[in-house]
Amino acid sequence: MRILLTTVGEVVDGDGPVVTAEMHQDALDYFSRGDQGVRSEQERRAIQYADDPSGPVRPALISHETVYPQGWPEQPGLFMLRNDFPAQIVFAGESYASVLHAYWALSAVDASDRTRIREAASGREAHDLGGQATRRSEWPDVRLAVMAEILRAKFTQHPDLARVLASTGDARISYTGLSDSPFWRDVRDGRGRNWMGRLLELTRSEIVAQQLLRPENPGALDQEDVLSGESARPRAHRE
C-alpha cells in the first residue's frame, strides 16, 4: 500500500479512497480530545480520592481459629487477636479473663448466668455457657457496640497486644473459624459478615491515632514501634 501527499493537500492511499489533510487533522484532534478527557478524569479522581492510600495496601490477613493443647505460646503472634486469648479485661466494673468471657456474660439477662460465664475456666467454656443462657432482649441491637468497647478495653489495657494488632498495618483482617457465628466471622459463601475482623481494624486505627494525635499520653504506644510494626512479648496471660 502506498500513501502519497498530493499538491492540493490530499493524502492519497494507493489502494483506497482519498483522505484529505483536513480529515487527517480532525482525526488527530479527536484523539487529542480523548487524551485530554482522560487527563481531566485522572485529575478529578486525584482530588476526589485524595485520602486514598498512596501505595499498595497489605494483603488480607487471615486470623485462624487455632487450638493449643499444651497452652498458649509465650512468643507474641497473631493468635493474640483471637477472642479466646486469655487477656484479663476490666470492663464496667467487672474483671473478665478474655473477650469471650466479657461478651457472653454481658449478654445474659440473669445475674447467676453472668457469674457462671465470668468464672468459666476458658473462653470457649464461657462461649458455650453464654449460648445456653437467656440473653437480654435488646442484645441484637447493642452487641456490636458492646463488642467494640470490649476490644478497646483489651487492647488499651494491654499495650503488648496492641502492638501485635498495630503490626498488621492496613491489612484487611479476615476473622475465620467455626466456633463463632457467621455474623462475626468471614465465610466464603457470602453469609459471613466478618464483624470481628472489621472491629479489629477499627480498634487498630484508634490505637495508631491515639499515638499520633496524643503523643503526650503516657499510656500510648511508642510511635516508632507502631509505625514499624514491631511487637513485644505479651504481658497478659490469665492469672
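The values are calculated or read from the model by the stated rules, or taken from the named source; none is laboratory data. Keep in mind that this is a model prediction, so the values were computed, not measured. Reconstructed Cβ throughout: ideal geometry from the backbone, glycine too, with neighbour counts over all protein chains shown. Please note that ligands, DNA and RNA were not included when accessible areas were found on the heavy atoms of the full protein model with its side chains. Shrake-Rupley method; radii C 1.70, N 1.55, O 1.52, S 1.80 Å.
At-a-glance table
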read-out	value
Matching residues in segment 186-201 - criterion: being out of contact with any Leu (no Cβ under 8 Å at 6 or more places or on another chain) and either over 15 Å from residue 65 (Cα atoms) or open to solvent by less than 30 Å² (accessible area, probe 1.4 Å) (or both)	187, 188, 189, 190, 191, 192, 193, 194, 196, 197, 198, 201
Residue among 67, 90 that alone is modelled with pLDDT of 95 or more and not in a helix (DSSP H, G or I)	90
Residue ID - farthest from residue 130 (Cα to Cα), chosen from residues in segment 145-186 that are acidic (Asp, Glu) and assigned to a loop (DSSP other than H, G, I, E, B)	170
Subset of segment 124-145 [in contact with a Leu (Cβ under 6 Å, 6 or more places away or on another chain) and either open to solvent by 60 Å² or more (accessible area, probe 1.4 Å) or touching a residue at least 40 places away in the same chain (Cβ under 8 Å) (or both)]	127
Flag for residue 204 being assigned to a loop (DSSP other than H, G, I, E, B), at pLDDT 80 or above and touching a Ser or Thr at 6+ places or on another chain (Cβ under 8 Å)	no
Residue within segment 60-76 that is hydroxyl-bearing (Ser, Thr, Tyr), open to solvent by 30 Å² or more (accessible area, probe 1.4 Å) and within 26 Å of the chain's Cα centre (by Cα) present	yes
From 103, 49, residue being more than 23 Å from residue 147 (Cβ to Cβ) and under 22 Å from the mean Cα position of the chain (by Cα)	49
Pairs, first touching a residue at least 24 places away in the same chain (Cβ under 8 Å) and in a strand (DSSP E or B) in segment 108-123, second open to solvent by 60 Å² or more (accessible area, probe 1.4 Å) and not acidic (Asp, Glu), C-beta under 8 Å, six or more apart	108/114; 108/134; 108/135; 108/136
Selected residue [assigned to a loop (DSSP other than H, G, I, E, B), at pLDDT below 95 and of a type outside the set (S, T, N, Q)] from 55, 37	55
